[in-house]
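For reference, the structure discussed in these notes is given below.
The values are calculated or read from the model by the stated rules, or taken from the named source; none is laboratory data. Not measured: the values here are computed from a predicted model. Here the Cβ positions follow ideal geometry from the backbone for every residue, glycine too, while neighbour counts run over all protein chains shown.
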Amino acid sequence: MKNITTNIRKTILNMANASGSPHIGSALSCTDIISTLYFKVMNISKPISNDRDYFLLSKAHSAMALYGTLYEKDFLDKKTIEGYYQNGGTLPAHTDRDTSDFIEISAGSLGHGLPIALGIANSIKLKNESNKVFVLLGDGEMQEGSVWEAAMLAPKLGVDNLTIFIDHNNLQGYGRATELVEFYPVKEKWESFGWETYVIDGHDCKEIERVSKIQSSKPKAIICNTTKGKGVSFMEDELIWHYFIVTDEIKEQALKELI
């Protein structure tokens, strides 16, 4: 997994540089979570099939992490990756389900991924099928009321096939998530809503895999302690990399750390 995540981070840096797009820090933050799901946990293959597991990226401004993972998995080709965030290109800055069979939802406005995932998970249960549903939220995204509406409903529906990951890096667009809207204690909140809840290192691929595979009679919430900009020392835990652009010089400097 170390080689896989390094390759994905390199792809993210190249995409951000070529497109002049923001959100590099957000993408690097959740790379280990998404890549572990696709390479170690989920039942998903090419071509797409109805018995697949589902992954929904609710914090869709981190789309480069998903695109990079799909490219490394050979679900997206090089031409598609090179068309990211270009006029007349192939992939938008936030996910669009019409761009690929492997992009499950159009997203961008925060708070939508979990309610959609809940609907998918419930429909699977009603049909007595075995697909699993995984969704990635940002910690700042927990400020959205729609997240908590879905959180209350999920245990009542018995969706034990639903797992959420919270990218807990404590940085969002304008500052520390906990300073903008207080949402602690996170673990105790999800537990009180009836979820089986874990707190893990969101950059430990073995731990992500282990907890993802735990069987439960409840929906699961996995709080992943992460670092924004993970993998590039001068980007780590720095708010500016939510929006700063990766110039040629910055890209070369960052790539040297990922060799």
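Points worth noting:
- Residue pairs meeting the criteria (Cβ under 7 Å; at least 6 apart or on separate chains; first of a type in the set (Ser, Thr, Tyr), in segment 232-259; second surrounded by 16 or more Cβ atoms within 10 Å (Cβ to Cβ) and part of a loop (DSSP other than H, G, I, E, B)): Tyr243/Pro22
- Counting only residues that are closer than 28 Å to Pro22 by Cβ, at pLDDT below 95 and part of a loop (DSSP other than H, G, I, E, B), segment 174-210 holds 6 of them.
- Subset tally (residues that are over 10 Å from the mean Cα position of the chain (by Cα), of a type in the set (Ser, Thr, Tyr) and under 27 Å from Glu129 (Cα atoms)) for segment 54-80: 2
- Every pair of residues 6+ apart whose Cβ atoms lie under 7 Å, when the first sits in segment 154-167 and is crowded, with 23+ Cβ neighbours inside 10 Å while the second is modelled with pLDDT of 95 or more and of a type in the set (Ser, Thr, Tyr): Thr163/Ser212; Asp167/Ser29; Asp167/Thr226
- Cβ-Cβ under 6 Å pairs, at least 6 apart or on other chains, segment 61-77 side over 17 Å from Ile48 (Cβ atoms), far side part of a loop (DSSP other than H, G, I, E, B): His61/His23; Ala63/His94; Ala63/Thr95
- When we screen Leu91, Leu110, Leu114 for residues that are within 17 Å of the chain's Cα centre (by Cα), over 30 Å from Pro219 (Cα atoms) and either aliphatic (A, V, I, L, M) or surrounded by fewer than 17 Cβ atoms within 10 Å (Cβ to Cβ) (or both), the only hit is Leu91.
- Index of the failed condition, Trp241 passing every other in (1) modelled with pLDDT of 95 or more; (2) outside any loop (DSSP other than H, G, I, E, B); (3) surrounded by 23 or more Cβ atoms within 10 Å (Cβ to Cβ): (1)
- When residues of segment 41-51 are limited to those that are under 18 Å from Glu209 (Cβ atoms) and in contact (Cβ under 8 Å) with a residue 60 or more places away in the chain, the one farthest from the chain's Cα centre (by Cα): Asn43
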